[in-house]
Amino acid sequence: MSRRICRVLVLAAALCALPGCVDARSDRARILDLLGQAADLDAVHVKVGQRIRAVNALVAMGPKVVAVLVERLDTRDVHEFLEISNVLARIGRPATPALAGALDRGNARTRRAAARVLREYRDRASHGPLARAIDDPDPRVREDAALALAAQRAPQALPLLAGIVSPGRAAREDPDVVKAACCGVSQLIGDSRSGRPPEKLAGHLAALLVSGHLGVRHSAAVAVERIGPAALKELEPVIDRFLIPGVFVAVGCYGRILGAHPALRAGPAGARFVALLSHPDPVVRARAFEGLATWGLEGKRLGLARLSAEPSPLVRQAIMSLASRRGR
């Protein structure tokens, strides 16, 4: 008798649970169907209305779609990924825990996708997982995590990104990760929420100007210029020691910083830069005249005064370009 009762109870429990299972399966099927409609691009006609309705329906379903969409983050369909990102961004904070979990535990494609989606968020709950992702085994995940931290203006972002561009790590780091860190530093410098830049940051960025990677050099140069006058003394050794290719980038940075801070031109920094207009290397001279572009009329006068005596066609072209610029 007792066995029969047990069987009846088990069967009753299974029947009670069945509607919930059916509902979960039907929800999942509905979500995937709407996602397919949202990402559907017909070869002849873009079904805009269908896609908009599908995206709106997914957003209206709220947090219940999050788990299914996060599972699909590693899709290789670009349109599907864009729509997943769009829906998760519109859902907002309820999606953060699932995205943070994917960033910690997913495969490499999922982790990278989660970091990309989190760029659009401003939720402190994602700062910890993104900070851990800075040391992820996959360089593409580290790159997107660096960009996401900067986009979120996370309080710890500037020290973390400064750590990536430090000489010890930058020398062994993937160049694209270093480039992303430099771009992030450029975004954060001057933001009151990020605090003061670390003391040695300008020197670390100036050292990257001699990198063999073009993208690293250019992104480091932008960050150096954002730091401003405090970076001038760090640029001087790169110029004085004629460290190629950094010297050419450093000269331009030096001139543009002085252009943004006219009061410095009357001091030693201004005299040092004007001396570069007579440097023996024509490429250095050309970069110096390009740096004068932010000096207004003063820069044009300095350039035109040297035009007639300049023997190098490259430098003469730089001077003519400087003279033809509009504005004061």
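The values are calculated or read from the model by the stated rules, or taken from the named source; none is laboratory data. Predicted model, so just to flag it, every value in this text is computed and none were measured. Quick reminder, even Gly has a Cβ in these numbers, built from the backbone with ideal geometry, and neighbours come from all protein chains shown.
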Completion exercise
When the stretch 230-278 is checked residue by residue, the ones that are surrounded by fewer than 16 Cβ atoms within 10 Å (Cβ to Cβ) and part of a loop (DSSP other than H, G, I, E, B) are Arg241, Phe242, Ile244, Pro245, His261, Gly267, Ser278
Problem - Selection within the stretch 279-300 - surrounded by fewer than 13 Cβ atoms within 10 Å (Cβ to Cβ) and either under 25 Å from Pro262 (Cβ atoms) or of a type in the set (A, V, I, L, M) (or both) - result: Leu297
Exercise for the section: Give the stretch 144-178 a look and list any residue that's surrounded by fewer than 24 Cβ atoms within 10 Å (Cβ to Cβ) and of a type in the set (D, E, K, R), or say none. Expected result: Arg153, Arg169, Arg172, Glu173, Asp174, Asp176
Practice task
Output the qualifying pairs, or none if there are none: Cβ atoms under 7 angstrom, residues six or more apart or on different chains, first residue in the stretch 53-82 and under 21 Å from Arg111 (Cα atoms), second residue assigned to a helix (DSSP H, G or I) and aromatic (Phe, Trp, Tyr).
Solution key: Thr75/Phe81
Fill in the blank from the handout: Only one of (1) part of a helix (DSSP H, G or I); (2) within 35 Å of the chain's Cα centre (by Cα); (3) farther than 22 Å from Asp240 by Cα does not apply to Arg301, and that is (2)
Problem - Any hit, the stretch 92-101, residues being under 26 Å from Ala207 (Cβ atoms), touching a Leu at 6+ places or on another chain (Cβ under 6 Å) and free of Cβ contacts under 8 Å to residues at least 60 places away in the same chain - result: no
Practice task
Search the stretch 231-252 for residues that are over 19 Å from Gly270 (Cβ atoms) and in the same structural domain as Ala288 (by TED's automatic domain parsing) and pair each with any residue that is polar (S, T, N, Q) and outside any helix (DSSP H, G or I) when their beta-carbon atoms are under 8 Å apart and the residues are at least 6 apart or on different chains.
Solution key: Gly246/Ser211
Handout entry: Residue check, Leu205 under 21 Å from the mean Cα position of the chain (by Cα) and modelled with pLDDT of 95 or more
Key = yes
Fill in the blank from the handout: Picking from Ala151, Ala206, Ala162, the residue that is outside any loop (DSSP other than H, G, I, E, B), touching a residue at least 24 places away in the same chain (Cβ under 8 Å) and over 30 Å from Asp123 (Cβ atoms) would be Ala206
Exercise for the section: Examine the stretch 166-174 for a residue that is among the small types (Gly, Ala, Ser), part of a helix (DSSP H, G or I) and farther than 23 Å from Leu99 by Cβ, and state whether such a residue exists. Expected result: yes
Problem - Filter result for Glu225 (within 28 Å of Pro155 (Cβ to Cβ), outside the structural domain of Leu297 (by TED's automatic domain parsing), not polar (S, T, N, Q) and not in a loop (DSSP other than H, G, I, E, B)) - result: yes
Completion exercise
Those residues of the stretch 304-328 that are outside any helix (DSSP H, G or I) and more than 37 Å from the chain's Cα centre (by Cα) come to a total of 5
Practice task
From (1) assigned to a helix (DSSP H, G or I); (2) at pLDDT 95 or above; (3) surrounded by fewer than 24 Cβ atoms within 10 Å (Cβ to Cβ); (4) not aromatic (Phe, Trp, Tyr), pick out the condition that doesn't hold for Ala181.
Solution key: (3)
